[in-house]
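*Asks:* Encoded as structure tokens, here's the structure I'll be asking about.
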Amino acid sequence: MRFIADLHIHSKYARATSPDMNLENLDVWAHKKGIDVISASDFTHPEWFKELSKKLEESEQGLYKLKGSTLPTRFILTTEVSCIYSKNDRVRRIHLLIFAPSLAVVAKINAQLGIRGKLGSDGRPILGMDAKEVLKIALDASPECMIVPAHAWTPWFSIFGSKSGFDTIEECFDEYTKYITAIETGLSSDPAMNWRLSALDDINLISNSDSHSLAKIGREANIFDTEKTYKGISDVLKKKDNKKFLFTVEFFPEEGRYHYDGHRLCKLSFAPAESKKHNNICPTCKKPLVIGVLNRVGELADRKEGEKPENAVPFKHLIPLQEIIAEAFSVGVATKRTQEEYEKVVSSLKNEFYVLLDATPLELKDVASPEVVEGIMRIREGKVQIEPGYDGEYGKISIFKEGEQREDITQKSLF
């Protein structure tokens, strides 16, 4: 069975997250987006765990549905934790995704983590403990649990981050490395960048939205063709069965907040070669640059750009439909015009992922404005211009060239 999964989002209890991120809204928006399996998110938070226990019921093995809902949305129990600790004379800051097969197992994990950190302080709690100790707690709760390093290249909080990470998975997890069978590539990298490291050839590269708002869920996702159960998903991630892992949906990595090197306060952005010329020092303030994902990948890579390992899972770059519509009309994402066009197109053509991935040009032209159809087709062909993100600033992506007239696009599309 083919289905789309977004395995990492946040709830209303996480810092800087929309209060609309509740189970009822996630149920509706996952269906609207075309996401079949979505993370139940911050299960370590005591109040959120109470909501999960009260409002969800098990459907397929290890997957849950909202009680009373007729929608096909399924929830999988995952959460993110932040580990801050010292190892080998360096401070490490690693974010981890924890996968659990049941609420009963989650209760065991929370009981142990609660001894070591204040779980109620944030949906993504800070734990002063080694990443491998979190893995041990999860496996003690159930051997079906999985740990996946989150947004693996982000400078400040990731396993390979330039500021506080490691150079290899083995350095981080030691004798427990064999249990790490997947990593999350994050918004600032895509699989092609990760393919440059042969050490990741036997690691599944998964992609998730890490969304803090409803509109952003599904901005990255995984497309599987397997049994829609917890075991079906975990078997793919553990065994790297590429026939059942069809592809991932990706941000254009340049749009991510840490793709290039730079200094946000100095409004300075450098490609790796330019950073090298300046010895990784900001020429404005003379402080070290924040080294981004592209540079860090190049530092650890043992392959050239463009090389691809055997049996690599393919991927597709996409942009959320609301953003395409907003640029096509030269208006904001939150404007009434964008929202009306979005609702019209999605309600007419199943869901957003169908619109972005599968709908034919003729289907699109029947329900969408010509400018929007043109934008979708350009995204599918990778015809975009991007100003890369750096030091916490998102990149700026353009589908239409500066000065290009929407009227001309409309006339060409109609012609």
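The values are calculated or read from the model by the stated rules, or taken from the named source; none is laboratory data. As the structure is a computational prediction, the values presented were derived from the model and not from experiment. With ideal geometry, Cβ positions are generated from the backbone for all residues, glycine too; neighbour counts draw on all protein chains shown.
*Asks:* Filtering the range 254-283 down to residues that are part of a helix (DSSP H, G or I) and touching a residue at least 24 places away in the same chain (Cβ under 8 Å), which residue is surrounded by the fewest Cβ atoms within 10 Å (Cβ to Cβ)?
*Replies:* Here the residue is PRO272.
*Asks:* Taking the condition of being farther than 19 Å from ALA150 by Cα and among the charged types (D, E, K, R), how many residues in the range 197-234 meet it?
*Replies:* The qualifying residues number 4.
*Asks:* For the range 330-361, what are the residues that are closer than 20 Å to GLU381 by Cα and either in a helix (DSSP H, G or I) or out of contact with any Leu (no Cβ under 8 Å at 6 or more places or on another chain) (or both)?
*Replies:* GLU352, PHE353, TYR354, VAL355, LEU356, LEU357, ASP358, THR360, PRO361
*Asks:* Right, here's the next one. Quick check on SER162: is it farther than 29 Å from LYS12 by Cα, in contact with a Pro (Cβ under 6 Å, 6 or more places away or on another chain), assigned to a loop (DSSP other than H, G, I, E, B) and of a type in the set (Ser, Thr, Tyr)?
*Replies:* Here the answer is yes, as SER162 does meet what is asked.
*Asks:* Does the range 138-184 hold any residues that are under 23 Å from ILE76 (Cβ atoms) and touching a residue at least 60 places away in the same chain (Cβ under 8 Å), and which are they?
*Replies:* Those that are under 23 Å from ILE76 (Cβ atoms) and touching a residue at least 60 places away in the same chain (Cβ under 8 Å): GLU144, MET146, VAL148, ALA150, THR154, PHE157, SER158, ILE159, GLU184.
*Asks:* If a residue must be over 23 Å from the mean Cα position of the chain (by Cα), among the charged types (D, E, K, R) and surrounded by 15 or more Cβ atoms within 10 Å (Cβ to Cβ), how many such residues does the range 65-91 contain?
*Replies:* 1
*Asks:* Looking at ALA138, ALA111, which is the one that is hydrophobic (A, V, I, L, M, F, W, C), more than 30 Å from ASP261 (Cβ to Cβ), surrounded by fewer than 20 Cβ atoms within 10 Å (Cβ to Cβ) and at pLDDT 95 or above?
*Replies:* Result: ALA111 is the single residue among ALA138, ALA111 that is hydrophobic (A, V, I, L, M, F, W, C), more than 30 Å from ASP261 (Cβ to Cβ), surrounded by fewer than 20 Cβ atoms within 10 Å (Cβ to Cβ) and at pLDDT 95 or above.
*Asks:* Only one residue in LEU66, LEU52, LEU103 is in the same structural domain as SER234 (by TED's automatic domain parsing) and more than 20 Å from GLY120 (Cα to Cα). Which one?
*Replies:* Exactly one of LEU66, LEU52, LEU103 is in the same structural domain as SER234 (by TED's automatic domain parsing) and more than 20 Å from GLY120 (Cα to Cα), namely LEU66.
*Asks:* Kindly provide the set of residues from the range 360-387 that are among the hydrophobic types (A, V, I, L, M, F, W, C) and more than 16 Å from ILE325 (Cα to Cα), ordered by number.
*Replies:* Correct list: LEU362, ILE386.
*Asks:* Please state which of the following conditions LYS286 fails to meet, knowing it meets all the rest: (1) part of a loop (DSSP other than H, G, I, E, B); (2) in contact (Cβ under 8 Å) with a residue 40 or more places away in the chain; (3) farther than 30 Å from LEU214 by Cβ; (4) among the basic types (Lys, Arg).
*Replies:* (2)
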